[in-house]
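This report refers to the structure that appears directly beneath it.
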């Protein structure tokens with residue numbers, strides 16, 4: 001059996017009792033980085049056989065499948081959050097299901113869901129784009145397509161590229177774009193910054209160097225106009 005086990009995205013207290021139980025009972029743990037996972041297991045007093053799982057290495061995938069076919073169980077984890085969501089695991093899950101191996105998934109920590117819930121933006125439905133390509137043309141194409149649905153758009157961005165990304169988004173989509181930056185969610189220095197994109201850029205620039213994990217939420221002007229027809233509360237009120 002293969003168990004998909006989300007792990008904390010920052011605060012180790014966010015791990016679930018079921019996740020700890022699954023890790024304890026598994027015959028092995030397939031992980032993204034053995035050092036990171038070893039630290040997690042040591043923190044909770046667990047000793048397990050660890051295998052580094054590399055989605056892009058056919059030998060790694062084959063080795064994981066051979067383990068599962070032998071009748072042994074495994075817990076699949078990444079460095080933080082849920083496997084398969086902008087993280088390794090999809091290929092292994094698909095192969096396991098195709099070959100009749102039982103797959104079970106645990107709910108748990110997710111930067112995407114935390115950002116959607118904490119942003120104040122409409123999240124009854126939203127679009128998650130993960131990490132976008134580096135090419136400006138491909139970024140604009142992806143965002144343009146997403147914005148046509150008038151939904152909140154959530155994506156991951158490197159702290160080193162955030163300022164450049166925001167400047168590009170302002171140039172391409174104008175001052176009516178709403179942008180909220182959620183940084184270091186669940187960690188000591190968790191920070192939320194947002195407003196119309198010019199405000200967000202000014203606040204990010206004033207703060208200096210951007211550090212840590214970043215989730216970016218965007219809301220196109222057309223979607224904001226639809227919200228105003230319903231006259232709901234301003235999601236940016238109170239953000240620094």
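All C-alpha pair distances within the chain, sorted into 5 Å bins from zero, spread as 1, 6, 13, 16, 15, 13, 12, 10, 7, 4, 2, 0 percent across the bins.
Note on the chain: antiparallel DSSP beta bridges, both residues inside, total approximately 50 percent of the bridges counted.
Between the range 71-132 and the range 140-182, the C-alpha centres lie 23 angstrom from each other. Take the Cα of residue 47, step 7 Å toward its Cβ, do the same at residue 79, and the gap between the two points is 2.8 nm. Taken along the Cα-to-beta-carbon direction at a fixed 7 Å, the label points for residue 222 and residue 57 span 4.5 nm. Would you mind checking the tilt of helix 58-69 against the longest principal axis of the Cα atoms of the chain, expressed as 0 to 90 degrees and rounded to 10? Between helix and principal axis, roughly 60 degrees. Pairing the Cα long axis of helix 162-173 with the longest principal axis of the chain, what angle in degrees results, from 0 to 90 and rounded to the nearest 10? It is inclined by approximately 50 degrees. Which of the three applies to the range 112-153, rounded, prolate or oblate, going by the alpha-carbon gyration tensor with a ≥ b ≥ c and a/c under 1.5 meaning rounded? Here the range 112-153 falls in the oblate category. How far is helix 34-43 tilted, in degrees, relative to the longest principal axis of the Cα atoms in the chain, given as a value from 0 to 90 rounded to the nearest 10? Around 80 degrees separate the two axes. When peptides 127-138, 26-37, 58-69 are sorted by average Cβ neighbour count within 10 Å, with the highest value leading, the order is 26-37, 58-69, 127-138. Helical runs assigned H by DSSP (4 residues or longer) give the chain a calculated mean residue ellipticity at 222 nm of -11500 deg cm²/dmol, each run adding -39500 (n - 2.57) before division by the residue total. Here the simple spin-label model places points 7 Å from the Cα toward Cβ, and for residue 97 and residue 18 these points are separated by 1.8 nm.
DSSP assigns beta bridges within the range 111-230; of those with both partners inside it, close to 75 percent run antiparallel.
The calculated FRET efficiency for residue 206 paired with residue 38, based on their beta-carbon distance and R0 = 51 Å, is about 0.85.
Bridges between two residues of the range 2-105, per DSSP, are antiparallel at a rate of about 10%.
Every read-out reported here was derived from the displayed coordinates using simple, explicitly stated rules and does not represent laboratory data. Note that the coordinates shown come from a computational prediction; the quantities given were computed from them, not determined experimentally. Neighbour counts are summed over all protein chains in view; Cβ atoms, including those assigned to glycine, are modelled from backbone coordinates with ideal geometry.
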